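Notes for the one structure printed next.
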Amino acid sequence: MTAHPAVSQTIASFGEATKAKTPNQEAIERLMRNKASVMGFFVILLFILVAIFARVLSPHDPLEITSGQKYLPPMWIKETPGGKASNPDYPLGTDSLGRDVLSRVIFGARVSMVVGFVPTLVIVVIGTLVGMVAGYLGGRWDNLLMRLTDVIYAFPDLLFFIIVMVSLRDSWLGQFMNGMFLLFISLAVVNWVGVARLVRGQVLSLKQKEFIEAARAIGVRTPRIMTHHLLPNTLGVIIVLIAFRVPGLIITEAILGYLGLGLRPPANSDSMFVTSWGGLLLEGQSAINAQPWILLGPAICIALVVLAFTFLGDGLRDALDPRMRGTK
């Protein structure tokens with residue numbers, strides 16, 4: 001006995017509905033199909049693990065000075081013109097004080113990962129709060145917060161970082177956490193304005209939607225509308241912004257370290273933050289003619305991290321774009 005055609009069509013429609021994927025599932029599938037983004041994610045994960053387990057992975061103490069082992073070449077160079085032979089115990093060679101370059105590069109990942117993520121978290125929190133308040137409340141609040149944003153945006157970022165680091169480097173604030181805390185502050189103070197402007201634009205377009213009007217009509221309070229209705233609908237843009245903001249901060253830290261305005265030299269090897277990739281570039285710059293390989297490790301690591309975040313950001317932007325829904 002065959003079923004009625006209308007019943008069969010209803011069952012088929014119900015089966016298709018149950019198999020329908022949520023927007024989040026579709027976004028994840030689109031992201032997984034982007035091979036460059038997946039590769040970038042695993043590269044970032046690798047560097048995060050290296051930063052966490054730096055003390056386990058490093059073959060030597062990054063601050064250990066070995067007498068008679070200065071400027072040893074890396075493994076692929078058997079002997080330098082000056083008669084220095086490579087040593088298997090130091091795969092990337094040693095620096096001017098006989099410290100293992102590989103161990104210092106591994107510990108440098110800690111600074112770059114922390115500088116990339118922690119200030120970004122502060123930037124996103126401040127920028128999202130300012131942008132949502134300005135966009136949703138409007139009026140005087142919007143005018144006041146946006147004028148404040150314009151004033152801060154007028155500061156040249158790199159010049160501001162240099163002024164702060166030079167002025168407060170020898171103060172108690174500059175000595176706290178070997179200068180990491182001051183670095184966090186200087187990076188976060190002026191970088192939140194871009195997030196605020198972007199979130200404000202999203203909120204201005206969202207607050208006129210029917211679901212926001214309905215929430216207002218039934219008496220939902222403003223804080224709840226912001227946290228339960230506006231914020232979830234701006235998360236896609238914020239996530240993509242984070243993916244592009246982190247490598248920018250890593251490059252900024254490397255520039256400051258290369259200028260000698262990064263971390264202060266630690267008192268002992270028990271410190272969590274021993275050196276940074278920017279600081280290693282500064283150390284290798286003085287010996288670039290005789291020992292150019294000292295620059296290779298940190299330079300390659302910075303390039304890999306920045307490329308990985310760029311690929312991941314591109315993939316997230318495409319995956320979270322509503323116009324891409326339904327595409328294969």
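What follows is calculated from the coordinates using simple rules that are stated; it is not laboratory data. Predicted model only: the values in this text are computed from it and were never measured. Ideal geometry is used to build each Cβ from the backbone, glycine not excepted, and the neighbour counts take in all protein chains shown.
Run the count for the chain, please: Lys pairs, Cα-Cα under 26 angstrom, 8 or more apart or on different chains. All intermediate terms of the calculation are to be shown ahead of the outcome.
Details: LYS19/LYS35; LYS19/LYS328; LYS21/LYS35; LYS21/LYS209; LYS21/LYS328; LYS35/LYS328; LYS70/LYS78; LYS70/LYS84.
Number of lysine pairs found: 8.
Show me the ranking of peptides 303-311, 204-212 by mean Cβ neighbours inside 10 Å, starting with the highest. Write down the numbers at each step before the final one.
Details: 303-311: 18.6, 204-212: 13.3.
Most protected by this proxy first, the peptides run 303-311, 204-212.
If one computes the Cα centroid of segment 140-173 and of segment 33-93, what distance in Å separates the two points?
Cα centroid of segment 140-173 versus Cα centroid of segment 33-93: 37 Å apart.
Based solely on its DSSP helices, what 222 nm [θ] is calculated for the chain when runs of n ≥ 4 H residues each add -39,500 (n - 2.57) and the sum is averaged over all residues, nearest 500 deg cm²/dmol?
About -21000 deg cm²/dmol.
Once the other residues with Cβ under 13 Å from the Cβ of PRO265 are scored (Lys, Arg +1; Asp, Glu -1), what is the net sum?
Details: positive: ARG99, ARG104, ARG169, ARG264; negative: GLU283.
It works out to a net charge of +3.
Among the complete DSSP H segments of the chain, which ones combine at least 18 Å of alpha-carbon extent along their axis with a mean Kyte-Doolittle hydropathy of 0.5 or more?
In the chain, the long hydrophobic H runs are 35-52, 101-137, 193-206, 231-258, 296-319.
Which of the peptides 177-189, 231-243 is most tightly packed, and how do the rest follow, judged by the mean count of other Cβ atoms within 10 Å per residue?
Packing proxy ranking, top to bottom: 177-189, 231-243.
What is the gain in length, in nm to one decimal, between GLU79 and PHE181 on full extension, counting 0.36 nm per residue of separation less the C-alpha to C-alpha distance?
32.5 nm
What is the spin-label model distance, in nm, from ARG55 to ILE251 if the labels are put 7 Å beyond Cα along the C-beta direction?
3.4
How many angstrom lie between the C-alpha centres of segment 243-265 and segment 210-224?
43
Taking the highest mean first, how do the peptides 70-80, 103-113 order by number of other beta carbon atoms within 10 angstrom per residue?
Averaged packing, sorted descending, gives the order 103-113, 70-80.
Can you give the direction-averaged projected area of the convex hull of the alpha-carbon atoms in segment 33-324, in nm²?
Answer in nm², one decimal: 18.6.
Quickly work out the MET272-to-LEU259 label distance, labels modelled 7 Å from Cα along the C-beta direction, and quote it in nm with one decimal.
2.6
How large is the convex hull of the C-alpha atoms of segment 107-251 per residue, in Å³?
Numbers: hull volume 17.6 nm³, N = 145.
In segment 107-251, the Cα hull volume divided by residue count equals 121 Å³.
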